[in-house]
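Some notes on the structure that comes next.
What follows is calculated from the coordinates using simple rules that are stated; it is not laboratory data. Since we're looking at a predicted model, the values are computed, not measured. All Cβ positions, glycine included, derive from the backbone under ideal geometry; neighbour counts span all protein chains shown.
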Amino acid sequence: MPTKFTGKETTRLALDAFIKINRCTNSLVAQVASSLAPYNLTLSQFAVLEALLFNGEMRSGEISHKILKSGGNITKVVDNLEKMGMVTKKRSDEDARCHLVKLTETGTKKIKLVFPDIRDKIEAMMNTIAPEEILALSTITRKLGIEVSKESLKNDKL
């Protein structure tokens, strides 16, 4: 559904694109989240386990940056994963303010079980558009994300 805004054309286009990006993202995320339910994992828990699987031991702040979640959110997610026996955390020797998070054997088994199913689900959703469209979408959304992040950093420094 396009915007009902009737002002300046460039503003209307921006609002319309934003609405479509937001609706698309929400639909994709909802599908992935529902696919995780049988595994008793939240989307954030999956993202942390996946980041640790492919990157190895990481500081909580690195995980936060990697999966675009706040530090407070990551702390809660990691604490819950630790209670589930899927990760361990320890204070960093270099910086006592940081925790290093690492997959346990249980966590490794879980993410290796779950990841192929979620990967296939994401691939199937994305394959509803042509490969060149996927590449274009990836390029455009990356560019937009980088530019918005730069602007956000500029505004934080003001």
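Between Cys24 and Lys102, full extension at 0.36 nm per residue minus the direct alpha carbon distance yields a gain of 24.8 nm.
Report the full-extension gain for the segment Ile134 to Leu68: residue separation times 0.36 nm, less the Cα-Cα distance, to one decimal in nm. Provide the component values of the computation, followed by the final result.
Values: separation 66, 0.36 × 66 = 23.76 nm, distance 2.15 nm.
Residue separation times 0.36 nm, minus the Cα-Cα distance, leaves 21.6 nm.
Using the Cβ-Cβ distance between Asn127 and Lys8 with R0 set to 41 Å, the FRET efficiency works out to roughly 0.65. Angle between the Cα long axis of helix 131-157 and the longest principal axis of the chain, 0 to 90 degrees, nearest 10? Between helix and principal axis, roughly 80 degrees.
Say each of Val32 and Glu147 gets a label point 7 Å from the Cα, pointing the same way as Cα to Cβ; how far apart are those two points in nm? Result for the modelled spin labels: 2.4 nm.
To the nearest ten degrees, helix 9-36 and the longest principal axis of the Cα atoms of the chain are 30 degrees apart. When the inverse distances between all different Cα atoms of the range 61-158 are averaged and flipped, the Kirkwood radius reads 16.6 angstrom.
For the chain, the residue among Leu137, Ser149, Val48 whose Cα projects farthest onto the positive side of the dipole built from Cβ charges is Ser149. Label-to-label distance, Asp95 versus Asp117, with points set 7 angstrom from Cα along the beta-carbon direction: 3.6 nm. Placing +1 on the Cβ of every Lys and Arg and -1 on the Cβ of every Asp and Glu, with no other charges, gives the chain a dipole of roughly 380 debye about its Cα centre. Separation of the range 15-60 from the range 130-144 is 18 Å, based on Cα centroids.
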